[in-house]
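What follows is a short report on a single structure.
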Amino acid sequence: MTDPEPPATPRRPVTEELHGESVTDPYRWLEESTDEVREWTDAQDDYADAVLDTDQRDALAERFDDLARVTDYGPVTPAGDRLFQSVKRPADEQPVLYVFADDADADVGDPESGRALVDPNDWDGDGTTSVDWFVPGPDGERLAYGVAEGGDEQYDVHVVDVATGETLETLAGTGRTNAGGFAWTVSDGAAAADGFYYVATGSADGGEGSDGDGGDDDTDGDDTDGGQLDKELRHHRLGVDADPDPADDPVVAADFDEQVWPTLETDGDALVVECMDGWERTDLYGYRGDPAAASLSPVLEGHDAVFSATLAGDDLLLVTDLDAPYSRVLSAPVDDVVGADAAPSVPDDFAELIPEREAVLRGVEPVGDRLLAHYHRDAASELVVFGRDGDRERDVDVPAHATVHGVHGADEARGGDAADADSSPAAYFSVQSFASPPAVRRADVATGATQTLCAQDTDVDFDVAVTQEWFESADGTEIPAFVVRRGDVEPDGSNPAVLTGYGGFRVNRTPTFDRFRLPFLRAGGVYVLATLRGGTEYGEAWHDAGRRGDKQRVFDDAVAVASGLGDRGWADPDRLGVTGGSNGGLLVGALLTQRPDLFRVALCHVPLLDMLRFHRFLLGASWTSEYGSPEDPEAFAYLRDYSPYHNAPEAAYPATMFTTALGDTRVHPSHARKMTALLQERNVGPHPVVLRVEGDAGHGVGKPTSMLVRENAERWGFVCAELGVPAAHLDG
């Protein structure tokens, strides 16, 4: 049977002078949203259908449906005398938001013990409308949640009365408002939260949905971000209008720089606004008083450091890397630093509460009269209890090589004998590892003991072994990587293996459980997670070493790990794959163009690949602090040196699958489209280059269960077919 051929793609070169260099783009026309581009996309999908139709995909589709149809539990959020949690039951396409009583009879995770508050499965027939975030009021009487369609991350904010389940208001069209950009307010004398601050942006309609200035050489980004980079901090008062319009809400602050992303923290009265400039520094502003007259005043600004604010009773706590690359906690009375009478602060106005340690501080959560600090040590989680005086009291039990997320603390002791003098407020968190599915735990901060409340019921019927190994990068830096495999798999060079990493934006890649990875591991596969520079797994210096002009170090780190896996017998190049998404898709693109000989198969998801035009589309302009701006001659030079789209030679490329989505409001689909066309043109080897485009998805948020099953069956089926894993070994 003859292998199918990719569809032909017309070359229509556009040449321009950039900083004195002539740069030609042969596929600029694929940036546009036209009938011709849609027809080309349909032809690429047909080609992908033919290539991806393998026995491995068919075997995995049935297996993955079984693996996906188990109950998933989100983190628990306490508020007032209630607990809130998202639970996805086996038949659900989307998680259901439940409320539980915070008492001794509560059986968190059990829908029969709680009450369904919001069920998006009743809203449409295809499951693509999702609840992506929720924030209960401080007293638990009201709750806000964000609804998006097709994963586009453009939210309508709904507010419900928790006791009755009644929807009080819907604030439509707030743009990218999310949990970090939402904060409740409580008026004097009010029985419950009666308003909220929120960060509103424009829609993404100027991106993929626009008809076409993508091919205009003069595009400056303003026409293609749909207003997503235009941000306003507003206040909304509940009950003022039966059909509220965000445009009618008073604006507290506006004119934020396109790289500044405000995050809000409030206790219902005091407001602290974190304005993070790119991924390298934060300015803090605050307000205290009537929200209708809110006006921000500086708290801390002008410092080359990141500050993350938490209001804890009468104190403002700051997690910061100021003079502490691994971060520490500073503290000051709220009254001294927030409000109309507070003068702009300097760091010396804050006392050091928790000094820097030999682990990277990720956050701190108030739990009654204590603080629960979350650390990363060698890219794995630790939890430590401190007193409000900063004295370390004890560790909380967390498995080795595990990741904690969703840490939330209760204000008061509940869930046990109220008369017990030794009872203490609980902390709730989720934990997972490469071998153990996500579980929700309750921690007693007085003792450090934990109790598992509920856990994803996925059966791992084989021994999973995990080691952390180090590989020397090109500049001599030692790069750690987790090597995950079945316990009896030996490094004999014959193993199929998949390498992944991220390397950017201060994002830490830590051990996670993936049920869709299990058949590959069970069949003898090796999964490798590399801790590349660009994250903060080893502090801010680790991040700084992998950005802007030093971005090539990230690719060198990945090459070192890939080469080292072969040297140590974990996987030879003809049995090694690589996968990554978004900034991790840029990583895959760079590896494809710089070292195609190292890999047999590649998965490149929602990627950045044209690094000379990324800033012109959607959120791209906000990433210039991480990558540098192509408008800057110095940055242009190093971006030009590694930009995958501009450095793809004629070569025998690995079997490659690009994926993108028409609803992606972060990374424009043109990156994947143009790179697919280019590699199909320049591939002189026998392996296919395919593109899969999702019509009802975005950058990855809010996908229904059925879509996750189909996508993963295609992706893992492609990997297993190319790496020679027989279908018979995958059906469980």
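The values are calculated or read from the model by the stated rules, or taken from the named source; none is laboratory data. Predicted model, so just to flag it, every value in this text is computed and none were measured. We place every Cβ from the backbone using ideal geometry, glycine too, and count neighbours over all the protein chains shown.
Take the residues in region 571-591 that are closer than 19 Å to residue 721 by Cα and not β-branched (Val, Ile, Thr), then tell me which one is modelled with the lowest pLDDT. Per the stated criteria, the residue is 572. Residues of region 390-412 that are surrounded by fewer than 18 Cβ atoms within 10 Å (Cβ to Cβ) and either at pLDDT 90 or above or touching a Ser or Thr at 6+ places or on another chain (Cβ under 6 Å) (or both): 390, 391, 392, 393, 394, 395, 397, 399, 400, 405, 406. For residue 155, the requirement of being crowded, with 17+ Cβ neighbours inside 10 Å, without any contact (Cβ under 8 Å) to a residue 24 or more places away in the chain and either assigned by TED's automatic domain parsing to the domain that holds residue 719 or in contact with a Pro (Cβ under 7 Å, 6 or more places away or on another chain) (or both) is not met. Residues in region 60-90 that are touching a helix residue (DSSP H, G or I) at 6+ places or on another chain (Cβ under 8 Å) and among the small types (Gly, Ala, Ser) were compared, and the one that is farthest from residue 710 (Cα to Cα) is 68. Only residues that are within 14 Å of residue 367 (Cα to Cα), out of contact with any Lys or Arg (no Cβ under 6 Å at 6 or more places or on another chain) and not in a strand (DSSP E or B) were counted across region 428-453, and they come to 2.
Restricting attention to region 196-229, the residues that are part of a loop (DSSP other than H, G, I, E, B) and at pLDDT 90 or above total 0.
Checking each residue in region 611-656 for being more than 30 Å from residue 49 (Cα to Cα), among the aromatic types (Phe, Trp, Tyr) and out of contact with any helix residue (DSSP H, G or I) (no Cβ under 6 Å at 6 or more places or on another chain) picks out 623, 627, 636.
Confirm whether residue 361 is over 20 Å from the mean Cα position of the chain (by Cα), crowded, with 21+ Cβ neighbours inside 10 Å, closer than 14 Å to residue 404 by Cβ and hydrophobic (A, V, I, L, M, F, W, C). Spelling it out, it is not the case that residue 361 is over 20 Å from the mean Cα position of the chain (by Cα), crowded, with 21+ Cβ neighbours inside 10 Å, closer than 14 Å to residue 404 by Cβ and hydrophobic (A, V, I, L, M, F, W, C). Of all residues in region 98-116, those satisfying the criterion of being surrounded by fewer than 21 Cβ atoms within 10 Å (Cβ to Cβ) and modelled with pLDDT of 95 or more are 115, 116.
Checking each residue in region 618-645 for being more than 15 Å from residue 583 (Cβ to Cβ) and either of a type in the set (A, V, I, L, M, F, W, C) or within 21 Å of the chain's Cα centre (by Cα) (or both) picks out 621, 635, 636, 637. Scanning region 234-247 for residues that are of a type in the set (D, E, K, R), surrounded by 11 or more Cβ atoms within 10 Å (Cβ to Cβ) and more than 31 Å from the chain's Cα centre (by Cα) yields a single hit, 241.
The rows are residues; the columns are (1) touching a Ser or Thr at 6+ places or on another chain (Cβ under 9 Å); (2) assigned to a loop (DSSP other than H, G, I, E, B).
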{"position": "241", "(1), (2)": "no, yes"}
{"position": "262", "(1), (2)": "no, no"}
{"position": "265", "(1), (2)": "yes, no"}
{"position": "283", "(1), (2)": "no, no"}
{"position": "295", "(1), (2)": "no, yes"}
{"position": "303", "(1), (2)": "yes, yes"}
{"position": "316", "(1), (2)": "yes, no"}
{"position": "329", "(1), (2)": "yes, no"}
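Among the residues of region 609-626, those that are in a helix (DSSP H, G or I) and either within 18 Å of residue 231 (Cα to Cα) or of a type outside the set (Phe, Trp, Tyr) (or both) comprise 615, 616, 620, 621, 622, 623, 624, 625, 626.
For region 658-691, the set of residues classified as within 15 Å of residue 27 (Cα to Cα) and either at pLDDT below 95 or among the acidic types (Asp, Glu) (or both) consists of 681 only.
Is region 292-309 home to any residue that is at pLDDT below 95, hydroxyl-bearing (Ser, Thr, Tyr) and over 21 Å from the mean Cα position of the chain (by Cα)? Yes, because at least one residue in region 292-309 is at pLDDT below 95, hydroxyl-bearing (Ser, Thr, Tyr) and over 21 Å from the mean Cα position of the chain (by Cα). Output the residues belonging to region 167-181 that are touching a Leu at 6+ places or on another chain (Cβ under 8 Å) and surrounded by fewer than 24 Cβ atoms within 10 Å (Cβ to Cβ). Those that are touching a Leu at 6+ places or on another chain (Cβ under 8 Å) and surrounded by fewer than 24 Cβ atoms within 10 Å (Cβ to Cβ): 168, 169, 180.
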